[in-house]
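Engineer: Okay, here's the structure, questions in a sec.
The values are calculated or read from the model by the stated rules, or taken from the named source; none is laboratory data. Keep in mind that this is a model prediction, so the values were computed, not measured. Neighbour counts are summed over all protein chains in view; Cβ atoms, including those assigned to glycine, are modelled from backbone coordinates with ideal geometry.
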Amino acid sequence: MPMDVLDIIHARRTVRAFKQDPIDEQTLTEMVDAARVGPSGANLQPLEYVIVTEPALREEVFDCLKWAAYLAPVGTPGPGEHPTAYVVVLTRPEYAPPIGTAYDVGAAVQTILLLAVARGLGGAWIKSVNYPLLKKLLSVPDGLEVDCVVALGKPAETPQRVDLDPGQEGKEVIRYWRDEKGRHFVPKRALARVLHWQRY
Ligand SMILES: Cc1cc2nc3c(=O)[nH]c(=O)nc-3n(C[C@H](O)[C@H](O)[C@H](O)COP(=O)(O)O)c2cc1C
């Protein structure tokens, strides 16, 4: 049975360990097609995408990425658990609105990640990237910049969301962690902490 969009939103967690089943071309194309029609500031549509599935190139992309800064090197996908595809998000500064391209990128990446969940896949939004190296590796021409990478694959882990108590404040409480069995937990600020009705 197809998942409801709300279930998909709540089921999505950043995945950093993947089974090695390949993702078919049609699914990857659908992801970029869905991102393509997303909201865009002034509708300038400054984004382009490079899909990488070729095994040797995939490993070179992998070497450009850093994972789970709070846990490093623990959160890095281990041997045999690397992503099986990447969607590399490019921006064309020539088409950037005055507010920049970050909002468009956010909408596009979330679209890709949610569609991944709907298709039984998982992903990670990676911004910690060796940009000069990746740009060269993928022959990205002048006039375009690499913004971020969406790493994709069939999940080999099921990270869990944990709601913080509304009283728990600060920049430290939000650190994700792993338990002794290697299970990954992601604390989120509680709804009661962030939702305000009518006035603050
Ligand atoms: C803008 C942005 C950049 C991110 N960059 C990285 C990254 O470079 N490496 C990584 O492992 N995760 C990265 N993440 C994933 C976050 O660590 C993850 O979203 C956060 O821990 C919350 O977990 P969740 O996605 O399961 O809710 C990034 C997420 C966002 C939104």
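Engineer: Report, ordered by the first and then the second residue, all pairs with beta carbons closer than 6 Å, sequence separation of six or more or different chains, a first member in region 113-132 that is farther than 9 Å from C148 by Cα, and a second member that is more than 14 Å from the ligand (Cβ to nearest atom) and in a helix (DSSP H, G or I).
Structural biologist: L115/M31; L115/A34; R119/T27
Engineer: Tally the residues that are acidic (D, E) and within 24 Å of L65 (Cβ to Cβ), restricting the search to region 1-36.
Structural biologist: The qualifying residues number 4.
Engineer: Next question, about the same structure. So, G100, is that one modelled with pLDDT under 95, assigned to a loop (DSSP other than H, G, I, E, B) and among the small types (G, A, S) or not?
Structural biologist: Working: modelled with pLDDT under 95: no; assigned to a loop (DSSP other than H, G, I, E, B): yes; among the small types (G, A, S): yes.
So G100 fails the test.
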